[in-house]
Amino acid sequence: MPWRQWPRCGLGWLCILLVICCSVTVVSSYCVALSYGHIYPFLPAISETGVLFPEKYVFRELANLSAFLFISNAFVRFMQYKLVAEQYPEDNVKLHRLNKLAFVVAILAGLGMTLVANFEIEKDWSIHDVGAMTAFISGLTFCWLQCAMSYKLKDHGVINSSAVCHSRAMLSLMITLCVAIFAAFQTKANLEWALARPRYHFLAKLKWGPQDPGYLFHVISSLAEWSMCGGMLLFMLTFTYEFQQIVITSDISSTEYW
């Protein structure tokens with residue numbers, strides 16, 4: 001096919017690259033951890049796949065890259081929404097405030113991802129846990145804000161179809177349920193472990209198996225965590241078509257040197 005006949009991709013590749021990078025992050029660290037016998041194979045928590053050497057370096061590097069790509073996607077969305085919102089002066093102030101808030105929340109989510117990547121799990125509350133909580137809550141808030149922004153522009157007849165808006169709303173609802181299930185069952189699992197095995201080293205949880213206390217709650221929380229991350233990636237994929245309409249150009253000129 002001649003080059004001129006290729007479909008326009010714009011910045012749609014950025015969403016796809018984010019999904020690929022995040023998928024490679026969790027799958028590669030899981031495979032490395034499993035090959036070294038560091039984790040129990042069935043549904044470990046995502047963070048547990050990047051605790052020990054050497055998988056933790058794989059997890060850190062790719063998770064940091066994923067955080068950068070997430071913020072990059074959020075920035076493109078911010079600029080896109082800003083340009084479109086300027087066409088509607090009657091709602092311009094509200095739309096700009098909503099857009100700025102969504103971008104700030106996205107930066108917090110990306111920051112949380114880097115804290116998860118670069119700070120290790122500890123027995124008690126740690127920077128890693130703060131980063132995970134920040135990433136989950138900010139990511140969820142970002143999804144709901146983007147839902148509201150999508151419906152706002154749909155009312156003006158631009159950017160989003162009803163199917164896209166409804167898909168984002170359903171994914172946001174699914175992510176919300178996953179966050180709630182994860183928090184509740186992970187708390188219950190850790191409580192049962194702590195009560196039954198107070199003297200065990202906290203890294204023993206990496207091999208959390210059916211014979212251990214709280215295992216069922218641990219599996220449910222891990223399933224919710226994996227589902228939550230998958231839902232967020234699907235949510236970001238919904239921007240692919242819109243980003244295909246966006247291109248970045250540069251115009252460099254100089255009268256002094258050239």
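The values are calculated or read from the model by the stated rules, or taken from the named source; none is laboratory data. All values reported here derive from a predicted model rather than from experimental measurement. A quick note on method: Cβ atoms are made from the backbone with ideal geometry, for glycine too, and the neighbour counts reach across all protein chains shown. The protein model used for the area step is the full one, side chains on, heavy atoms only, and it has no ligands, DNA or RNA in it. Shrake-Rupley method; radii C 1.70, N 1.55, O 1.52, S 1.80 Å.
Quick notes on this one:
- From the options VAL130, VAL164, residue that is closer than 26 Å to CYS21 by Cα, surrounded by 15 or more Cβ atoms within 10 Å (Cβ to Cβ), out of contact with any Gly (no Cβ under 6 Å at 6 or more places or on another chain) and touching a residue at least 12 places away in the same chain (Cβ under 8 Å): VAL164
Matching residues to (1) touching a Phe, Trp or Tyr at 6+ places or on another chain (Cβ under 9 Å); (2) of a type outside the set (Ser, Thr, Tyr):
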{"site": "VAL164", "(1), (2)": "yes, yes"}
{"site": "SER172", "(1), (2)": "yes, no"}
{"site": "LEU195", "(1), (2)": "no, yes"}
{"site": "PHE217", "(1), (2)": "yes, yes"}
{"site": "TRP226", "(1), (2)": "no, yes"}
{"site": "GLY231", "(1), (2)": "no, yes"}
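- The set of residues in the stretch 188-211 being open to solvent by 90 Å² or more (accessible area, probe 1.4 Å) and either at pLDDT 90 or above or part of a helix (DSSP H, G or I) (or both) consists of LEU191, LEU195, LYS207, GLN211.
- Test: residue in the stretch 149-163 that is assigned to a helix (DSSP H, G or I), farther than 30 Å from ALA74 by Cα and in contact with an Asp or Glu (Cβ under 8 Å, 6 or more places away or on another chain): no
- Verdict on ILE71 being out of contact with any Lys or Arg (no Cβ under 6 Å at 6 or more places or on another chain), over 28 Å from TRP208 (Cα atoms) and among the β-branched types (Val, Ile, Thr): yes
- Qualifying residue in the stretch 85-92 (condition: in a helix (DSSP H, G or I), open to solvent by 20 Å² or more (accessible area, probe 1.4 Å) and in contact (Cβ under 8 Å) with a residue 24 or more places away in the chain): yes
- Candidates MET113, MET79, filtered to the one that is surrounded by 13 or more Cβ atoms within 10 Å (Cβ to Cβ), in a helix (DSSP H, G or I) and under 17 Å from the mean Cα position of the chain (by Cα): MET113
- Annotation: of all residues in the stretch 93-110 being modelled with pLDDT of 90 or more and of a type in the set (Lys, Arg), the one that is most open to solvent (accessible area, probe 1.4 Å) is ARG97.
- So SER35, is it small (Gly, Ala, Ser), at pLDDT 95 or above and within 20 Å of THR114 (Cα to Cα): no
- Any hit, the stretch 167-186, residues being in contact (Cβ under 8 Å) with a residue 12 or more places away in the chain, part of a helix (DSSP H, G or I), under 24 Å from LEU98 (Cα atoms) and basic (Lys, Arg): yes
- For first residues located in the stretch 199-218 and closer than 18 Å to ALA184 by Cα, partners that are of a type in the set (Gly, Ala, Ser) and outside any loop (DSSP other than H, G, I, E, B) and lie 6+ apart or on another chain with Cβ distances below 6 Å form the pairs PRO213/ALA196; GLY214/ALA189; PHE217/ALA189; HIS218/ALA189.
- Members of the stretch 24-76 found to be among the hydrophobic types (A, V, I, L, M, F, W, C), in contact with a Leu (Cβ under 8 Å, 6 or more places away or on another chain) and assigned to a helix (DSSP H, G or I), listed by number: VAL24, ALA33, ALA67, LEU69, PHE70, VAL76
- Test: residue in the stretch 32-42 that is hydroxyl-bearing (Ser, Thr, Tyr), within 18 Å of the chain's Cα centre (by Cα) and within 25 Å of ALA224 (Cα to Cα): no
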